[in-house]
Amino acid sequence: MREETARRLHKHGVKTVVSYGQTETAGLVMLGIIGADEAPAAMRPITDAYIAELVDESNTPVAGPGTELPLVIRNCPSIYIGYVGKPPRPDFNVHLTGDVFEELDVNGQRLLRHVCRGDDLLNHTSGEMTNPLPTEHRLQGLTAGKVQAMCMCGTNRPPP
C-alpha cells in the first residue's frame with residue numbers, strides 16, 4: 001500500500017497495517033506497525049531467525065537509509081527448495097524476491113518499504129501473472145480530471 005493511501009485512510013479513522021510475503025516463503029515474512037502514522041507503509045521482518053536485506057547487482061548486501069534495491073530473504077526456515085518437476089534450487093537459503101524495497105530509519109528502527117515489483121507483474125492467487133499497466137492506463141483515461149486518486153482492491157474475482 002502506498003503511504004499516501006494509508007495516510008488518507010488514517011485521516012478517516014481506518015487503521016491499516018502492511019505486510020509482505022510470497023508463496024515461495026510460505027506466507028508472511030515482514031509486517032508493518034498497526035496504525036502507524038509515521039512511515040505507515042514501512043515493515044520489518046517478523047522474526048530475527050532470517051535476514052531481509054537489499055542487494056546490488058552482484059548480490060552484495062547494501063544498507064543505509066534511502067537505499068532502493070531488490071530484496072533478498074536469507075535463512076528463512078519456510079523458504080521453498082524448488083518447484084515440482086524441476087531440480088531443487090542449489091542454494092535454498094537465499095530467495096531473490098523480485099521486489100524492490102527502500103530502507104528507512106524510523107526513530108532508530110531499520111524498516112523496509114515496498115517500492116515496486118522488479119518486473120511490473122502481479123501474481124494472482126490462481127498463479128496467473130498479469131501486467132497491471134493496461135488496466136491502470138484505462139482507468140486513468142476514464143477518470144482524467146474527475147478523480148484525484150484511487151485505490152483498486154478486490155477479492156474472489158478472476159484476474160483481468
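List of remarks:
- Neighbour counting of Cβ atoms within 10 Å sorts the residues Ile51, Ile79, Ile34, Ile73, fewest neighbours leading, into Ile34, Ile51, Ile79, Ile73.
- Degrees between helix 133-143 axis and first principal axis of the chain (Cα, 0 to 90, nearest 10): 10 degrees
- Derived scalar couplings between HN and Hα for the stretch 9-16 equal 5, 4, 4, 9, x, 8, 7, 10 Hz in order, rounded to whole Hz, by the Karplus curve 6.51 cos²θ - 1.76 cosθ + 1.60 (θ = phi - 60°), x for Gly and Pro.
- Over the residues of the chain, the helix contribution to mean residue ellipticity at 222 nm works out to -3500 deg cm²/dmol, using -39500 (n - 2.57) for each DSSP H run of at least 4.
- Computed E for Leu28/Lys146 - FRET, C-beta separation, R0 30 angstrom, nearest 0.05: 0.25
Quick note: the coordinates plus some simple rules give every number you see, no bench work behind them. Everything quoted here is computed from the prediction, not taken from an experiment. Note that each Cβ is placed from the backbone with ideal geometry, even for glycine, and that neighbours are counted across all protein chains shown.
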